[in-house]
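Before any comments, here is the structure.
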Amino acid sequence: MLKIRFQSFVASMMVIVLLTGCTSIRKRLVGLPGSPPAEGSRAVTDGGISGWSGKVDAAEQKAGMSISDARLAEETGAFHITTGPAVSYWKTGSIVTGNYTVTATFNEPKFMNLNSHPHPYGVFIGGNDMGTSSQTSFYCGAYGDGRFIARGFGPAPFRLNGLFGEKHQAIHRASDKGQPVTQDIALSVKDDKITCSINGAAVGTYDKATLTGPKRLKSFDGSYGLRFAHNTDVFVTNFKVQQQ
């Protein structure tokens, strides 16, 4: 009888460990393309958008969230973005073709202000069928802990640099939670290469051919804009595109 009770105790402990591990993994997945947003996406009470277009991720939409649950507003020469669900924003009707670079400066005034772990933000390019279920795009984003991610939608999400991104010495790190951190992020299209640069350093370069086609982008000619994971609070300045 004692042996049976001990075996039951061991089995119960194993279940607890497995559930704890799954919860930990799920928390780390939140904020990545296709991840479950219900873990922590909180709707912005004064959400809205003006002069821009936007779309939340498919996973967020399935959870009942919409673009009105995030906020993009112009404030003192900057765009103030607060999410809410993970979202992509683009200037309505703006298209770029050929060789070009899209840049923006992101200031997170209080690192992890709305979340319990770092969440990324950045720029996207190659937007096609925007605002529809067939929307495709490619983006590069930075975390305030020194990592970056290279991701895309084709329209299903895909990743290029691992599950949790990569560290790079050029990426700025906040000194602590609640402290400011700023990143300059750029995506460039140059002939057959796509390059993500952060704070003046090329952190990732990718072949255009591997990023276009079935389950990838339709083209790198298209819309460009800003990309945010869920529960972020960021100011954006110097957003621009330069034809090369």
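The values are calculated or read from the model by the stated rules, or taken from the named source; none is laboratory data. In this text the structure is predicted, and so the values were computed from the model without any measurement. Here the Cβ is made from the backbone with ideal geometry for all residues, glycine too, and neighbour counts use every protein chain on show. To get the accessible areas, we keep the full protein, side chains included, count just its heavy atoms, and leave off ligands, DNA and RNA. Shrake-Rupley method; radii C 1.70, N 1.55, O 1.52, S 1.80 Å.
Observations on the structure shown:
Yes/no matrix, rows are residues, columns are (1) in contact with a Gly (Cβ under 6 Å, 6 or more places away or on another chain); (2) of a type in the set (Phe, Trp, Tyr); (3) open to solvent by 50 Å² or more (accessible area, probe 1.4 Å):
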residue	(1), (2), (3)
ALA156	no, no, yes
LEU160	no, no, yes
GLN179	no, no, yes
GLY204	no, no, no
LYS215	yes, no, yes
GLY222	yes, no, no
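- Filter pass, VAL56 being at pLDDT below 90 and closer than 14 Å to THR232 by Cβ: no
- Residues of the range 162-177 that turn out to be of a type outside the set (A, V, I, L, M), exposed (fewer than 13 other Cβ atoms within 10 Å of the Cβ) and either within 19 Å of the chain's Cα centre (by Cα) or assigned to a strand (DSSP E or B) (or both), as a count: 1
- The set of residues in the range 181-195 that are surrounded by fewer than 19 Cβ atoms within 10 Å (Cβ to Cβ) and within 15 Å of ASN113 (Cα to Cα) contains only THR182.
- Among the residues of the range 111-151, those that are out of contact with any strand residue (DSSP E or B) (no Cβ under 7 Å at 6 or more places or on another chain) and open to solvent by 30 Å² or more (accessible area, probe 1.4 Å) comprise SER116, HIS117, THR132, SER133, SER134.
- Residues of the range 224-244 satisfying the condition of being assigned to a loop (DSSP other than H, G, I, E, B) and open to solvent by 70 Å² or more (accessible area, probe 1.4 Å): GLN244
- Failed criterion for ALA104 (all others in (1) out of contact with any Asp or Glu (no Cβ under 7 Å at 6 or more places or on another chain); (2) modelled with pLDDT of 95 or more; (3) open to solvent by 10 Å² or more (accessible area, probe 1.4 Å) hold): (3)
- Residue in the range 120-143 that is at pLDDT 95 or above, touching a Phe, Trp or Tyr at 6+ places or on another chain (Cβ under 8 Å) and over 30 Å from PRO214 (Cβ atoms) present: no
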